Structure formats: structure tokens, C-alpha cells
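Step one of this worksheet: look at the structure below.
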Amino acid sequence: MSDNHDKIYSTKFQDSMERKTLLMFLVIALAVAVGGIVEIVPLFYLPNTAMCATMAGNDPSCNKTQHKDASGKVIPMDKIIWNPATSAHKTLNDWQPGDGVRPYKALEMAGRAVYIREGCYLCHSQMIRPFRDEKDRYGHYSIAEESMYDHPFQWGSKRTGPDLARVGGKYSDDWHRLHLRYPRSVVQESVMPNYVWLENKPVDVAGTVQTLKVMTIVPFNAVPAKIYTAVYGDDYAGAAAELKGKTDMDALIAYLQGLGNHVKFEEGVNYRD
Ligand code: HEC
């Protein structure tokens, strides 16, 4: 072996690079910089609807990219983020899909905690990327506003199962119940675990009420407290009443059924077509 020490196994360039630490460092720095620039620069050109709305379109940094509905009409900002003051539906209980992104209701909030507790995010993402194959499979790509009330967000980073960002309304509640209980009863080849115990576990009423209250004081995109107090009362007793007698299974299904249908986006393949 020792007599082969100076034999060059790779190219001369790589060999000399690997023997000169400083040069190696510079080349690595260059490679990382190029990689970083390629990733970051496109972000400067992506639409930011929330910012454009607050800038009233006058600011040159607003690139005026808009989102469209099924008929090709531009979705106004108050249909992207639900605003009880301007919406036809004034309370959380009157809200309809298409009114814009709204805060989670009590039962959904309980379900969201179950989703986190059970580690669903380890196999499922909630982030549809702006690529055609993603859109064909999952629907319109996710926009920032859709996770504005998520603390913490559930974008995930691995897809053992499909993306769930727009799973709301895709299946019936009964389907979800069967699927969560024993996934192979509806999808034969599924590798998703069974979650039978969720049916027997009552929801955490006190914890969920506390979470709803905390959501009104978080530093970013706090829920305007009157959205909750208007339907649940100042003491949130209405929320506790809604949660009473519900199981973790009911809550998780309510959460899943509310995913991704707050804004009514165009359907079909439009992006980059
Ligand atoms: C070990 C990885 C894994 C975990 C953990 C997991 N899943 Fe899944 N999930 C899958 C796979 C794989 C599929 C696709 C096969 C199927 O439909 O069962 C799937 C499918 C689904 C679907 C159907 C999606 C669609 O569009 O057809 C839903 C809904 C779902 N999972 C919800 C959950 C929830 C809620 C949890 C947490 C309680 C969870 N999953 C945990 C792997 C996982």
C-alpha cells in the first residue's frame, strides 16, 4: 500500500485541490454560494399577495401577481384572508369555504393537536410546491396565507404518504374513520399505521380552550380575539361545550376536512401552461 501513496486516483485537478486546504475551502465556498443563489433568487420573484394588499399595489416591490378562481377571475384579498368586517359571512360558524383563510374552530384545533401528537407530519407534508406535477396531483400550490394561523406550521419535510394540504372534502367523514382505524380496510397496499385508540379517547377540552386563547396573543398573525369570543363567548364556554363528548377521532377528522378549502382557487392545470 505504502508505495501507492502518491498515485493519483482521481483527476489531477481534484488531486491538487484536495492537497491544498485553502484552495479546497475557496472552491467549496464557491459551490455553496452558487447553490444558495439558485435557491434564493427565485423567491424574490414569487407572489406575495398579503404584502401587495397592504401596499395597495402602489409599492414597486409588489409584483402584482394574482391568484385566480375557477372562472379565471382574480381572487380579491378579502377572499384570500377571511375578513368578518367585509365578508357576507360574519362569524366563524357562518363562514363558508371560499370566504378565505380563517382561524381554526375549536374541534379542528383539538384535531390539530392530535395530528401533531401522533406525528402525522413525519409521513405527510402540508405544502404543495409550485410545480406542475404537484398541482396535477394535489391541486393549486400552497400560498403563504394558508398557513398564517398555523403555530407551528405543519409543512413537514417527508412524504411517505401523500401531501394533505388540500385533503379537506376529498373523502367523506366515514372514509376517514375507516382509514384512520385501519388504513388497509380502504387502501389495501397502505403502509400507514392504525390509529384505533383515537376513537376511545375523549378530546382534551381544557387544553384546547387554552390553545384557542393563546392563538389570540401569539406574536405573528394572532387571531383577532373577537372572532372567537363572538361565537364562544368571553369565557370560551361555547368552545368547551362544542368539544364535550367528542373523541380525538372526531377532532382529527374535523381538522382534515378543513384543510386547503378556505380559498376557492382555480382547478385543473393552469400553472405554467
Ligand atoms: C408511516 C407513515 C404514515 C404515518 C405516520 C401516517 N400516515 Fe397517513 N398515509 C400514509 C401512506 C403511505 C398513505 C397512502 C396510502 C393510504 O391512503 O393509506 C397515507 C394516506 C393518508 C390519507 C389519505 C390521503 C389521500 O389524499 O388519499 C390521509 C387523510 C392520512 N394518511 C392521514 C394521516 C393522519 C391524520 C395521520 C396521523 C394520525 C397519518 N396519516 C399518519 C403514511 C402515513
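Each reported figure results from applying straightforward, stated rules to the coordinates on display, with no laboratory input. Not measured: the values here are computed from a predicted model. Every residue, glycine as well, gets a Cβ built from its backbone with ideal geometry; the counts of neighbours run over all protein chains shown.
So the values come out like this:
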{"item": "Candidates per chymotrypsin sites (Phe, Trp or Tyr not before Pro) in region 177-266, loop by DSSP, up to 12 other Cβ within 10 Å", "result": "F220"}
{"item": "Computed E for W197/L30 - FRET, C-beta separation, R0 51 angstrom, nearest 0.05", "result": "0.45"}
{"item": "Rounded to the nearest 20 debye, dipole of region 173-229 from Cβ charges on Lys, Arg, Asp, Glu", "result": "180"}
{"item": "12 Å beta-carbon shell around K90, net charge (K/R +1, D/E -1)", "result": "0"}
{"item": "Amide H contacts of V101 (H built 1.01 Å from N, under 5 Å, at least 5 apart or other chain)", "result": "I81, W82"}
{"item": "Cα-centred dipole magnitude for the chain, charges only on beta-carbon of K, R (+1) and D, E (-1), debye, nearest 20", "result": "140"}
{"item": "Which of I75, L92, A251, positive extreme of dipole for the chain (C-beta unit charges)", "result": "I75"}
{"item": "Burial order of peptide ranges 73-80, 100-107 (average beta-carbon count within 10 Å, highest first)", "result": "100-107, 73-80"}
{"item": "Nearby lysines by direct alpha-carbon distance to K12 (threshold 26 angstrom, same-chain neighbours under 8 apart not counted)", "result": "K20"}
{"item": "Computed lengthening from S71 to A206, 0.36 nm per intervening residue step minus Cα-Cα distance", "result": "44.2 nm"}
{"item": "Rounded tilt (10° steps) of 106-117 against the dominant C-alpha axis of the chain", "result": "30"}
{"item": "Kirkwood hydrodynamic radius over Cα pairs of region 120-273, then Stokes diffusion coefficient at 4 °C and 1.567 mPa s, in µm²/s", "result": "75"}
{"item": "Within the chain, longest stretch clear of exposed GluC sites (Glu not before Pro) (DSSP loop, no more than 14 other Cβ within 10 Å)", "result": "1-188"}
{"item": "Computed Rg/Rh of the chain, alpha carbon atoms with Kirkwood Rh", "result": "1.11"}
{"item": "Local electrostatic count, D99, Cβ distance below 12 Å [Lys/Arg +1, Asp/Glu -1]", "result": "+2"}
{"item": "Computed [θ] at 222 nm, deg cm²/dmol, the chain (DSSP H ≥ 4; -39,500 (n - 2.57); rounded to nearest 500)", "result": "-10500 deg cm²/dmol"}
{"item": "Listed peptides 19-27, 208-216 by packing density, highest first (mean Cβ within 10 Å)", "result": "208-216, 19-27"}
